[in-house]
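The values are calculated or read from the model by the stated rules, or taken from the named source; none is laboratory data. Keep in mind that this is a model prediction, so the values were computed, not measured. Using ideal geometry, Cβ is built from the backbone for each residue, glycine included, and neighbour counts are taken over all protein chains shown. Please note that ligands, DNA and RNA were not included when accessible areas were found on the heavy atoms of the full protein model with its side chains. Shrake-Rupley method; radii C 1.70, N 1.55, O 1.52, S 1.80 Å.
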Amino acid sequence: SLSDGSTITFSAGTNPTNGPKYYTASKGVRLYANNTISFAGKAKIAKIIFTCDSYNGTDYVGNSTAIVTFDGNNATYTNTFAENKGGVQLRVKTVTVVYAQ
């Protein structure tokens with residue numbers, strides 16, 4: 001929960017073995033294939049900006065097949081990946097929610 005009453009929820013989604021995990025070394029959350037981030041905002045959400053981690057030349061920005069849905073005050077990011085293993089992790093260091101005016 002955020003100070004303005006909004007919430008951000010990290011979930012395993014449809015991944016039966018690896019859910020999101022916070023890492024103190026990078027101070028960020030890793031999302032694996034098919035994990036989700038759900039946002040319940042205080043007002044209509046215009047956009048969400050992720051600052052992602054890089055390590056050893058790899059940018060961990062999620063899968064190219066990821067899906068983002070917006071529905072008024074709510075939004076969901078799903079790190080969609082159709083295969084059983086692999087894909088690109090989303091390593092989120094910061095999140096900025098921008099509300100519509």
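So is T36 among the β-branched types (V, I, T), within 18 Å of G87 (Cα to Cα) and either free of Cβ contacts under 8 Å to residues at least 60 places away in the same chain or open to solvent by less than 50 Å² (accessible area, probe 1.4 Å) (or both) or not? Outline the logic, then answer.
Working: among the β-branched types (V, I, T): yes; within 18 Å of G87 (Cα to Cα): yes; either free of Cβ contacts under 8 Å to residues at least 60 places away in the same chain or open to solvent by less than 50 Å² (accessible area, probe 1.4 Å) (or both): yes.
Yes: the conditions hold for T36.
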Next item on the list: Could you run through the range 48-75 and say how many residues are over 14 Å from T94 (Cα atoms) and either among the aromatic types (F, W, Y) or over 13 Å from the mean Cα position of the chain (by Cα) (or both)?
Entry: 12
Notebook entry, point to check: Out of A46, A25, which single residue is more than 24 Å from V98 (Cα to Cα) and surrounded by fewer than 15 Cβ atoms within 10 Å (Cβ to Cβ)?
Noted result: A25
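Among the residues of the range 49-67, are any of a type in the set (A, V, I, L, M), surrounded by 13 or more Cβ atoms within 10 Å (Cβ to Cβ) and in a strand (DSSP E or B)?
Applying the first criterion (of a type in the set (A, V, I, L, M)) to the range 49-67 yields 49, 61, 66-67.
Next cut, surrounded by 13 or more Cβ atoms within 10 Å (Cβ to Cβ) only: 61, 66.
Still in the running and in a strand (DSSP E or B): 61.
Scanning the range 49-67, I find at least one residue that is of a type in the set (A, V, I, L, M), surrounded by 13 or more Cβ atoms within 10 Å (Cβ to Cβ) and in a strand (DSSP E or B), so the answer is yes.
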